[in-house]
Structures are given as C-alpha cells and as structure tokens.
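All remarks here apply to the structure that follows.
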Amino acid sequence: MTNHWIDIKNSDCIMIMGSNAAENHPISFRYVTEAQQKGAKLISVDPRFTRTSARADLYAPMRSGTDIAILGGMIKYIIDNNLYNKEYIAAYTNAAFIVGTDYYFDDGLFAGFDRTSKKYDKKKWAFEMDANGVPKMDRTLEHPRCVFQILKKHFDRYNIALVSRISGTPQTDLKEIYQTYGATGARGKAGTIMYAMGWTQHTVGTQNIRTMAIIQLLLGNMGVAGGGVNALRGESNVQGSTDHCLLWHIWPGYLKTPRASNFSLAAYNQKWTPKSNDPLSANWWQNYPKYSISLLKSFFGDSAVAKNDYGYDWLPKVDDGKHYSWLDLFDEMYKGTFKGFFAWGQNPACSGAHAGKTRQALKKLDWMVNVNIFDNETGSFWRGPGEDPTKIKTEVFFLPAAVSIEKEGSITNSGRWSQWRYEGPRPLGSSLPDGQIIMELGNKIKAQYKDGGTFPEPIRNLKWDYAAKGTYDPHAVAKEINGYFLKDVTVKGKAFKKGTLVPSFAYLQADGSTSSGNWLYCNSYTEKGNMAARRSVKDAPNNIGLYPEFAWCWPVNRRIIYNRASVDLQGQPWDKSDWVIKWDGAKWSGGDVPDGGWPPIGSFDNPNPKARHAFIMRKHGHGQIFGPGRADGPLPEHYEPMECPVEKNFMSSTYTNPTAAVYGTEADVYKTCDPRFPFVGTTYRVVEHWQTGVMTRHQPWLLEMQPQVFVEMSEELAALKGIKNGERVVATSARGRLECTAIVTKRFKPLKVAGQLGAEVHQVGFPWCFGWQKPDSGKEESANLLTPSTGDPNTRIPETKAFMVNIQKV
Amino acid sequence: MSKSFFVDTTLCTACRGCQVACKQWHDLPAEKTENRGTYQNPADLSFDTYKLVRMNEAVIGGQLKWLFFPDQCRHCLEAPCLETAGDPAAIYYDEPSGAVIYTAATKNLDAAEIIESCPYNIPRKALDGTLAKCDMCYDRVAAGMQPACVKTCPTGAMNFGERADMLDLAQNRLTVLKRTHRGAMLLDPDDIRVVFMVAYDPGLYHEHAVASHSGHGISRQVALRRMLRPLKNLVSPFA
C-alpha cells in the first residue's frame, strides 16, 4: 500500500476491484465503514456479487480478465470530461514528457515488437532528451507527442459501448462508476483503490495495476490522504517477506539480483544506479551503491573489503533474460533440472496454478524438506489421491515449525508497518521458530564446508552471528537489518561511534564503513530502541490517523508515500482538512514525514533551485503515466486471457498478451474458445479459511462454517445443466478435474458480451482453500487442479483468475 | 444499569467472527456440517450453536441484496421462556446485566413448551432435554468486558453497552439510515435487549427476525402459570 489501512477512512470514494476485502481482509472494513459513515461511496466491481458487494453503494458485474477494458474506459471518461487535476499531472507526472519519434502503437502492438523472441525493444519507447540529457517537456500538455496526448489517443478507442461489449458490464453501470470515481479528481477529494490477487493473477496483471495507477495520477490521488494505490497483501507478512527478498529477482530493499553480465561490483552498481541530469530530480536511487555495499558488509562482515569487491563474487548470479519465479521453478522441477527443494511455510501441491503439474514435478526430486506447522498435501504428496508410494523416489523430511504466536519478531503489514510482537506460549513439542531452524541449518552447512568443498568462500565468509547462548535472537537480526557503523566516522557533520546503530539510510555509505541488511529498514532499530515495538496511540497534529509512534513503517516512518504530491507547487495541501504535509515557509511541519525535506518547487518558470520533483524514487522525479520499463508496453492495453470465451479481441487483432509467460511441457495445455470448456472459471478465497487451508482446515469451528470445496454458479447455468443447489458436480479444465458442491446463486449472472461462444457467457468460481488431507473425507481437493500455468510477463504470476472450465453433474 | 446490544445489520459483512468467538468463549464443539448450497452453516441454531449469521439473497427494487442477520437470543425484558418455566433455578435474569440465563436445571422443564414460548425461536435442546442459548457472556460482562461476539466484530455491526446508550445509538443510526432506506427499522426495541436494525422488510432477513404470533403479550398458559406460581413455590421446597 502506498497509504495504510487506517487511512482508508479518509477516502471520499473507495473502489474495491480485484479484491474482496470484506471476506479476505475483514479488519479493513472497520475503515471502509468509517469512510462510508462520513459519506464516502463504496464501489464493488467483481465477476460475482460478494460479501464486499453486499456492503457497496454501487456493484457492477464483469467478465473476469477484462479489467483493463473497464479501467481504460474510465481513463477516457476522465479525459473527455475534464475530471483530471491538470495542475497536478503537469507538475508531478510525466504527462508533459515528450516521447521519441520511434514510438508508435498499432493494432494492439507497441513499437519494437520482435515476433520471434516475443519481446519488445524498449528503446523505441524512450523519451526525447534536451541538450543536457533532461527529458523534453511541455507542461501545457499540448505537444502531440507528449505523454498526455499519447494517453488520450491510446484510450480514445475505449468508449463505453465497446467496453461494455468486451466486459459484459452494463453501460449504465460503467457510466455511474466512471462518474462517481472520476469525481475524486476535484481538489480536496480523494479516491482509493483496494486490490489484491484479482488484479495481479492475470497475464496482464501488472498492466491492470498500471491502468489504475494512471487513473490515480490523473485524478491527483497519489500522495494524498484517502488515496493511493493499495495492494491488500495476501498473507500477514507478505509485505515484509517481499521487502526482505522473498522473490528471486530482488535483494533486500528492492535492490536487483545480479545478472551474470554484471561481472563486477562496479559493473553491477553501474548497471542498476540510475542517472539523471535534471538538477531538480532527487533520483533517490542514485544512492544505490551505498545500499548494495552496506548489504554486502552485512552479509560478510569483516571478510568483505574493497579489494574483494565486498564479497560480490561470492553471491550467485542469475542468467540474463532467464526467469526463476514460481512457474519457472516448477517447470524446471517438472523437467528434472534440479533435485532438492525446501517447501518452507507453503503448500505448492495446492497453492500454485496447475497443481497437477506441481504434484508430478515433486516426484522428480530426490529430496524435499517440508517446513510447516502441520504436515500438508505437499509433504504427503506421495500418498495423495491416485499416487503409488512404491513408485515415488522422493525422500521427504518434515521440520515442525512454531506458529506465529510462539515466536518473537517483526511482521510487516500491507501498509508497510513493521510491528514487533512477542512470544506467547512456548512452541509445542519439538517445533522451533523459523529463525532457529535457519540458523541451525546455516551452522550445519558451515561445518560441512569447514575443511573445504566446492567454492567454500560464500559459506565460510558468511557472517552468521545471530545467536544469544545458542538460541536465535530476533533482536540481533533486527539490528543487523537496520545496520551499524563499522568504524568511527563523521557523516553529514555528525560523529558516530563504531558499533552503534545507523539512525537512517541517509547515513549509509558506499565505502564499507556501514552495514545494513535492508536499507529500507534503516531507521527501524536505532540507538533510541526498537521502533517497531512502539505502541503510542497519539496521532500527529494533522489528525488523519497516521499514529506516527505506533510501530514503524518504511521508509523512515513515512506513512503515506509520494506525499510531496499532496500539495500544490507552493507546498499547500490540495485537501485543506485531511492534509498530509504542509510547507510553513521554512519547513514541512505538523504532518507526515515528507518525501524528502526539500522546499516546494514554487513555479516551473522560476523553480526554487533547492527544490526537488515530487516522485523522488523515479529517475526523472515524475509519476509514470507512461511506463517505458514494463515488458509488455509503456501503456496498458486490453488483451484476452490465455483461455477465454470469445473468439477475438474486440480492441485489436492482437488476441492475447503477446509477451505472456507460457510453458511447453506436455502438461502445459491451454484451451481457449473450446466448446468442451465453455464457462469462465475463476478462483478466490473465503473468510473462513486461510491460503490453502493448512492452518484452518484443522480447525473444527472453521471447517464447520465452510466444510467443502464448492463451485458457485448462476441459477441460469444450473438450469441449463440440470444442476440442483447443494448437489455434487464435477468441474473440468484442460488440465484437471475437481469434484465440488454446487452453490446455485443469484450472485452470479450470465453476461452478454461480443463474440462469445454461446448465447451468454457463464462464469463460475471456486475457493482454493481445500486439499485432500483435511477434511477427513479426502474428497475436498484444490481448485488449482484446474488453473493454468501461464502468467504475467513482468512478474510471472499465474493467471488463476480467468480460465475455461466445464461443469457436469456427477 | 442494565445492558443491551445494538446490531446494525447494514454494517455486517458476514465475516462470522462473532459466530466463532461465541463457540470459543463458551467452548462449544463444532457441528458436523456439509455445504447445502449456501454459505450459512450450521443450518440453524442448536444446543452447540448460540450465534448464527443467517444469509439470504433477495432482489429488492430490481437490485440484488445479500442480507446478513447475526441471530441470537434477544434477552427479552419480560422473557416468555422465563415466565413459562417459572423456575428460577432453570431460567433467571442475571440482575446486573439483564441477561436471561439458562441453567442445567432446564433439563427438568418441558422443553417443547419453552421453545414454543419464544417469539424468536431461539432455545434449542440437547438429547437429554437440557436447553441452551446465548447467555450474553454475562461472565465476561461481570468482569467489565464486552461479549465475545461484540469484541470480535470488525465493523461496528455488533455493539454492546448500557441500555440507554444503545437505544440512543440505535435511534441515531436509524435516523441516518432512513434518509436512504425508507423502510429501515429497529426490531422490537422496547421489548428486548438485542435490538437489530434492518434496512428492508425484516421477513427477508429471517422468519423470526421480529416477534412471532402475539408478540410480547403473554399467553393464557403463562397467565395461568403465574396464577399458580405461589402454590408451586410453596410446594417445591418439599418436592
């Protein structure tokens, strides 16, 4: 979230699309409700009428996978009706940037597409630069090649009639939503979006969010209270694990995983440190080497010195152009590329797309270590339905882990708040906290390499001192993450002693004199104490629910990021009542930690030379309406899901995302517009279960409320197939089958769309929280047996929210 | 000062935290259920389920509504079940809170008669005839805490406090709701301690959302029992 949970209460219009917050983030509704009671409108757009829709002022149905069409229509509506904040977009976004003459968009393809490699040459999307190497701009937004004009032209095709034909959403609903949400473009008004996996899990997932980000920029909703782009994370510490490099392509703090071509530390830093020639651009990532070298110092301690590139060569590199994400890893596992696997706090046999392929892949392993609080369908895959244990070679080890309340440490919520918590009950039996397991594992590996081995340096030199009396010490790790001064130094005129904690990332150095396990968290555990453990419920003077001394949030406790865009060029808030920061003539005071302390610009004719542009993390300092870094285009475009019920894309002749991730084993089958699989399927969660249900299916009270996997369908579809409410049915896709209980409901309705297979498009939905181990009947299986192994080209997230199925009586 | 609930169904998201919190506080076992083509589960209140979020789909004015009704004992100010039982050892008022409390001695009552007396169809019996229902978490309340269902509610749908405060809150919320929902109403607010607010016809939420049959007038049967009570009370010590 660019904002945070409590801030939702400051919104004037809340759109919940691509998520079902009432069911999956129940506590968020405390703040949604508070906003509604102050007059905010709640919009719910979802293929199915959910418990969120039940509380909405406006609900509209849609065909799953058509979000860009719907949101693109909103962009057109906002521009056509002058609902955007022109001063905001001219000053703070790249709307004014001039795009180079190489750029074009034609019939669903952007400039630079290579049909063989299915990749774009992104150089064709570059901005035009002036003699000083600064992007050329026209802040009147009139230049025919300025981003605003290109945007306007690009989305001109997205008229309400066409959007309705593609999405199945009635035109009257679209218009009402566009009007209601577009009204937040007025100064002092704020609209927010609450989204989750309903947007990300598509072959156009990244561009779904890009489309909304463009809307938020156009309406001036970024940086303001009650605004922002708010990802509701799917697990309580997903934000924290992403911050600390859960994903393959990033190091802690969103530094890049080195590529093979980054052959030295200098080459690595050179490659990933952006350069701006604009004196008004803070270009915060120019500090990249300070963060990367401090991280290496944290990894390797005294062994990391300038002469050995701080141990850079000891770290693994990824091959250029290759992906190592979930789908890719299981694809390689399926092909037998690697032999061992740690399934740590996860349940891939149920959680990942195309669970059938995953279960086959697990058989190719020599060994697997399953670390979890309970045995699960992954650890026991060899005795799952249809398996013959005598024919499976994989040796499985189970390490019982302590549950969250049995261990001390931090947890970072969607709003980027790192909150410290304490051990309650002692871990049961032989279960251990994850930290303890990892520490002991590291100790054993180090012992193995004591007397040599292949390439022992990374293991031997790894600093591994997080124990107090043999026990994992979460405080030692938290301090390491924050970082230390490693010698007596003077930075910015202040003297610091060796061994003291660094007060904030502004003091990190690229000369080996500081360490930091994650620069974004530098400021979280300082000489003043553990900031995440703070519990003051005193609000800041601006009284908008920032609670700055409750826990700690990154970066540097800034509760609303991009907040320099919440004010006009004189530093005065767009919203006079729910303001975030305010310039008093000499400094920012009374509100949130500003996005840098520089003074406001004043005017672009005569800018204050000490000022900086608002979006400090962007190279050129501006919010990106035009995003030339994405794999599938600098602007979003509607493409059909890899499996869909329509024979063509009515927006262009480019049917599906041309850069989507697809896989080529015999297990990877996709059937689009195939009469054998005529219905749109989607997956989702229910409030009663958690993820794949490993934590909840063992809980009788929760199983009592949701005892069985189900498929929801409209009364019309049930009549068509002769299915009665509550009876068992079988769902099939090109990849698998699932027996489930039919819930026949008014909450799904058939949709009229253009070019559909039959008379109407029917959609059905499945919760993915079940698996054969629990309940004891063994008949409630994972809905991911149906979902496809295709995904977004940027993130490689699977397209589990739109695929094709059939439904039959048992 | 006695207590009351105010249940604002317009804020309920049917997260069912209340339903689980109730089971947890009272240490009630889960029932063996199956999906019957609805999220609502268990199907009904039972000896082991005191709190149940009822879920109904209704088309009102051409628009689909999913109506949630977190059902429970209303703790009547003059409880017909208590009057019908006429046995303070089995059913009594917890004086400080006003809760209507069932004890193990309900086993000795005529269960069918007690159930029949309830205008909201709340009490449920075990195989041995013992009756059970919501007890307002009167033990928690005595310790200065909120009932478990209220404590867990994330949205403010479940509220609990001094009766006068709850009635004020209910009136204020009703005034606001009436601006957009002309048919909004409080259900039997003068007679019970669990005051529901609904936006539409209460019958769409639950058959027993409002008091059934003659409402809160006492039946001839109860009147007769009251007349006989002194005699019964005289006799009972020797029984």
All but one of (1) modelled with pLDDT of 95 or more; (2) more than 7 Å from chain A (Cβ to nearest Cβ) hold for B:S2; state the number of the condition that does not hold. (1)
If I filter the range A:662-683 for residues that are more than 30 Å from A:A69 (Cβ to Cβ), of a type in the set (V, I, T), within 28 Å of the chain's Cα centre (by Cα) and surrounded by 19 or more Cβ atoms within 10 Å (Cβ to Cβ), do I get at least one hit? no
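For every residue, the table says whether it meets (1) assigned to a strand (DSSP E or B); (2) within 14 Å of chain A (Cβ to nearest Cβ); (3) charged (D, E, K, R); (4) within 17 Å of the chain's Cα centre (by Cα).
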{"position": "B:I114", "(1), (2), (3), (4)": "no, no, no, yes"}
{"position": "B:D135", "(1), (2), (3), (4)": "no, no, yes, yes"}
{"position": "B:T155", "(1), (2), (3), (4)": "no, yes, no, no"}
{"position": "B:G161", "(1), (2), (3), (4)": "yes, no, no, yes"}
{"position": "B:A164", "(1), (2), (3), (4)": "no, no, no, no"}
{"position": "B:N172", "(1), (2), (3), (4)": "no, yes, no, no"}
{"position": "B:D188", "(1), (2), (3), (4)": "no, no, yes, yes"}
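Being within 23 Å of A:S294 (Cβ to Cβ), surrounded by 13 or more Cβ atoms within 10 Å (Cβ to Cβ) and not β-branched (V, I, T) is the filter here, so list the residues in the range A:447-471 that pass it.
The first filter runs over the range A:447-471 and keeps only residues within 23 Å of A:S294 (Cβ to Cβ), leaving A:457-467.
Still in the list and also surrounded by 13 or more Cβ atoms within 10 Å (Cβ to Cβ): A:457-464, A:466-467.
Of everything in the range A:447-471, those that are within 23 Å of A:S294 (Cβ to Cβ), surrounded by 13 or more Cβ atoms within 10 Å (Cβ to Cβ) and not β-branched (V, I, T) turn out to be A:E457, A:P458, A:R460, A:N461, A:L462, A:K463, A:W464, A:Y466, A:A467.
Residue-by-condition table, conditions (1) out of contact with any Leu (no Cβ under 9 Å at 6 or more places or on another chain); (2) not β-branched (V, I, T):
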residue: A:T500; (1), (2): yes, no
residue: A:M531; (1), (2): yes, yes
residue: A:L546; (1), (2): yes, yes
residue: A:V580; (1), (2): no, no
residue: A:D595; (1), (2): yes, yes
Within the range A:344-364, count every residue that is surrounded by fewer than 19 Cβ atoms within 10 Å (Cβ to Cβ) and within 22 Å of A:T665 (Cβ to Cβ). 3
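Does the range B:68-87 contain any residue that is closer than 30 Å to A:T172 by Cα and either modelled with pLDDT under 95 or within 14 Å of chain A (Cβ to nearest Cβ) (or both)? Steps first, please.
Within the range B:68-87, the subset closer than 30 Å to A:T172 by Cα is B:68.
Applying the additional criterion that residues be either modelled with pLDDT under 95 or within 14 Å of chain A (Cβ to nearest Cβ) (or both) yields B:68.
Checking the range B:68-87: at least one residue is closer than 30 Å to A:T172 by Cα and either modelled with pLDDT under 95 or within 14 Å of chain A (Cβ to nearest Cβ) (or both).
If we scan the range A:777-789, do we find a residue that is hydroxyl-bearing (S, T, Y), more than 30 Å from A:F113 (Cα to Cα) and more than 14 Å from chain B (Cβ to nearest Cβ)? Talk me through it step by step, then tell me what you get.
In the first step, residues of the range A:777-789 are kept if they are hydroxyl-bearing (S, T, Y); the result is A:777, A:782, A:787, A:789.
Now narrow it down to the ones that are more than 30 Å from A:F113 (Cα to Cα): A:777, A:782.
Within this subset, residues satisfying the condition of being more than 14 Å from chain B (Cβ to nearest Cβ) are A:782.
Yes, some residue in the range A:777-789 is hydroxyl-bearing (S, T, Y), more than 30 Å from A:F113 (Cα to Cα) and more than 14 Å from chain B (Cβ to nearest Cβ).
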Surrounded by fewer than 18 Cβ atoms within 10 Å (Cβ to Cβ), touching a Ser or Thr at 6+ places or on another chain (Cβ under 9 Å) and either in a loop (DSSP other than H, G, I, E, B) or of a type in the set (A, V, I, L, M, F, W, C) (or both), is that true of A:P541? yes
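Answer yes or no as to whether B:V59 is of a type in the set (A, V, I, L, M) and touching a Pro at 6+ places or on another chain (Cβ under 8 Å).
Here the answer is no, as B:V59 does not meet what is asked.
Just for helices (runs of 4 or more DSSP H) wholly inside the range A:6-102: which have at least 3 residues that are more than 11 Å from every other protein chain (Cβ to nearest Cβ) and surrounded by fewer than 24 Cβ atoms within 10 Å (Cβ to Cβ)? Working first, answer last.
On the way: elements: A:21-24, A:28-37, A:67-80, A:86-92.
Those helices (runs of 4 or more DSSP H) span A:67-80, A:86-92.
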Tell me, please, whether a residue that is within 14 Å of another protein chain (Cβ to nearest Cβ), in contact (Cβ under 8 Å) with a residue 60 or more places away in the chain and touching a Cys at 6+ places or on another chain (Cβ under 8 Å) can be found in the range A:740-755. no
Quick one: would you say A:G621 is within 28 Å of the chain's Cα centre (by Cα), modelled with pLDDT under 95 and part of a loop (DSSP other than H, G, I, E, B)? no
Number of positions in the range B:9-28 that are within 11 Å of B:F68 (Cβ to Cβ) and more than 9 Å from chain A (Cβ to nearest Cβ): 2
Single residue of the range B:139-153 satisfying the filter (part of a helix (DSSP H, G or I) and within 14 Å of chain A (Cβ to nearest Cβ)) that is surrounded by the fewest Cβ atoms within 10 Å (Cβ to Cβ): B:K151
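If a residue has to be under 18 Å from B:M55 (Cα atoms) and more than 7 Å from chain B (Cβ to nearest Cβ) to count, how many in the range A:708-717 make the cut?
The initial filter retains those residues of the range A:708-717 that are under 18 Å from B:M55 (Cα atoms), namely A:708, A:710-715.
The next check asks that each one be more than 7 Å from chain B (Cβ to nearest Cβ); those that pass are A:711-715.
Qualifying residue count, the range A:708-717: 5.
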Every residue from the range A:676-707 that is more than 8 Å from chain B (Cβ to nearest Cβ) and without any contact (Cβ under 8 Å) to a residue 24 or more places away in the chain: A:Q699
Exactly one condition in (1) buried (at least 16 other Cβ atoms within 10 Å of the Cβ); (2) out of contact with any Gly (no Cβ under 7 Å at 6 or more places or on another chain); (3) assigned to a helix (DSSP H, G or I) is not met by A:D156; state its number. (1)
Going through the range A:227-255 one residue at a time, which ones are closer than 21 Å to A:S298 by Cα, buried (at least 17 other Cβ atoms within 10 Å of the Cβ) and modelled with pLDDT of 95 or more? A:G240, A:D243, A:H244, A:W251, A:P252, A:G253, A:Y254, A:L255
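Do we find that A:G765 is within 14 Å of chain B (Cβ to nearest Cβ), crowded, with 17+ Cβ neighbours inside 10 Å and either touching a Ser or Thr at 6+ places or on another chain (Cβ under 7 Å) or not aromatic (F, W, Y) (or both) in this structure? Reasoning before the result, please.
Numbers: within 14 Å of chain B (Cβ to nearest Cβ): yes; crowded, with 17+ Cβ neighbours inside 10 Å: yes; either touching a Ser or Thr at 6+ places or on another chain (Cβ under 7 Å) or not aromatic (F, W, Y) (or both): yes.
Criteria met by A:G765.
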Suppose we filter the range A:736-753 for residues that are crowded, with 16+ Cβ neighbours inside 10 Å and either small (G, A, S) or under 21 Å from A:S53 (Cα atoms) (or both); how many remain? 10
Do any residues in the range B:82-102 that are over 20 Å from B:D165 (Cβ atoms) have Cβ atoms under 6 Å from those of residues that are in a loop (DSSP other than H, G, I, E, B) and of a type in the set (S, T, Y), where the two are at least six apart or on different chains, and which pairs are they? B:A90/B:T103
Quick check on the range A:513-529: of everything there that is buried (at least 24 other Cβ atoms within 10 Å of the Cβ) and hydroxyl-bearing (S, T, Y), which residue is farthest from A:I250 (Cα to Cα)? A:Y525
Of the residues that sit in the range A:724-735 and are touching a residue at least 24 places away in the same chain (Cβ under 8 Å) and facing chain B (nearest Cβ under 10 Å), which one is surrounded by the most Cβ atoms within 10 Å (Cβ to Cβ)? A:R728
Testing A:I807 on (1) outside any loop (DSSP other than H, G, I, E, B); (2) surrounded by fewer than 20 Cβ atoms within 10 Å (Cβ to Cβ); (3) β-branched (V, I, T), one condition comes back false. Which one is that? (2)
Residue by residue through the range B:30-63, note down the ones that are more than 7 Å from chain A (Cβ to nearest Cβ) and not in a strand (DSSP E or B). B:K32, B:Y39, B:Q40, B:A43, B:D44, B:L45, B:F47, B:D48, B:Y50, B:K51, B:G61, B:G62
Within the range B:154-175, residues being of a type in the set (A, V, I, L, M, F, W, C) and surrounded by 21 or more Cβ atoms within 10 Å (Cβ to Cβ) number 5
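Acidic (D, E) and surrounded by 18 or more Cβ atoms within 10 Å (Cβ to Cβ), is that true of A:D138?
Values: acidic (D, E): yes; surrounded by 18 or more Cβ atoms within 10 Å (Cβ to Cβ): yes.
So A:D138 fits the description; yes.
The values are calculated or read from the model by the stated rules, or taken from the named source; none is laboratory data. This structure is a prediction, so every number in the text was calculated from the model and none was measured. A quick note on method: Cβ atoms are made from the backbone with ideal geometry, for glycine too, and the neighbour counts reach across all protein chains shown.
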